[in-house]
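Visitor: Below you'll find the structure I mean.
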Amino acid sequence: MGFQIGDSVRVRGGSLVYKVIALTGCMVTILITNPQPDGSVMSFNSQSVQNLDESRIEKA
């Protein structure tokens with residue numbers, strides 16, 4: 001799909017917004033964005049940083 005570092009993305013079917021922080025082949029590392037578009041602030045937990053295949057995410 002052609003993601004770049006700094007892109008705002010969502011995990012497909014999800015509502016949380018993440019930023020792309022690293023790209024390795026077809027793998028994309030994403031970090032939770034604060035605040036979220038609705039103004040909420042997400043706490044940092046094991047889901048805050050994820051490494052996913054690019055087919056599992058979409059631009060926000």
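Visitor: Residue check: is Leu23 of a type in the set (A, V, I, L, M) and either assigned to a loop (DSSP other than H, G, I, E, B) or within 9 Å of the chain's Cα centre (by Cα) (or both)? Break it down into steps so the answer makes sense when it comes.
Guide: Working: of a type in the set (A, V, I, L, M): yes; either assigned to a loop (DSSP other than H, G, I, E, B) or within 9 Å of the chain's Cα centre (by Cα) (or both): no.
So Leu23 does not fit the description; no.
Visitor: Of the conditions (1) in a loop (DSSP other than H, G, I, E, B); (2) surrounded by 15 or more Cβ atoms within 10 Å (Cβ to Cβ); (3) in contact with an Asp or Glu (Cβ under 9 Å, 6 or more places away or on another chain); (4) not β-branched (Val, Ile, Thr), Leu16 clears all except one; give me its number.
Guide: Condition not satisfied by Leu16: (3).
Visitor: Considering only residues that are part of a loop (DSSP other than H, G, I, E, B) and over 9 Å from the mean Cα position of the chain (by Cα), look in region 44-59 and name the one that is surrounded by the most Cβ atoms within 10 Å (Cβ to Cβ).
Guide: Step one: list which residues in region 44-59 are part of a loop (DSSP other than H, G, I, E, B), which gives 44-48.
Okay, now just the ones that are also over 9 Å from the mean Cα position of the chain (by Cα), so 44-47.
Values: Phe44: 10, Asn45: 8, Ser46: 6, Gln47: 12.
Per the criteria, the residue is Gln47.
Visitor: A further question on this structure: One residue is enough: does region 46-55 have a residue meeting the conditions at positive phi and out of contact with any Cys (no Cβ under 6 Å at 6 or more places or on another chain)? Don't jump to the end; show me each part of the working.
Guide: Narrowing region 46-55 to residues at positive phi: none.
No, that holds for no residue.
Visitor: For region 23-43, which residues satisfy the criterion of being among the hydroxyl-bearing types (Ser, Thr, Tyr) and surrounded by 11 or more Cβ atoms within 10 Å (Cβ to Cβ)?
Guide: First, pick out the residues of region 23-43 that are among the hydroxyl-bearing types (Ser, Thr, Tyr): 24, 29, 33, 40, 43.
Matches in region 23-43: Thr29, Thr33.
Each reported figure results from applying straightforward, stated rules to the coordinates on display, with no laboratory input. Everything numeric in this text was worked out from a predicted model, so none of it was measured. Every residue, glycine as well, gets a Cβ built from its backbone with ideal geometry; the counts of neighbours run over all protein chains shown.
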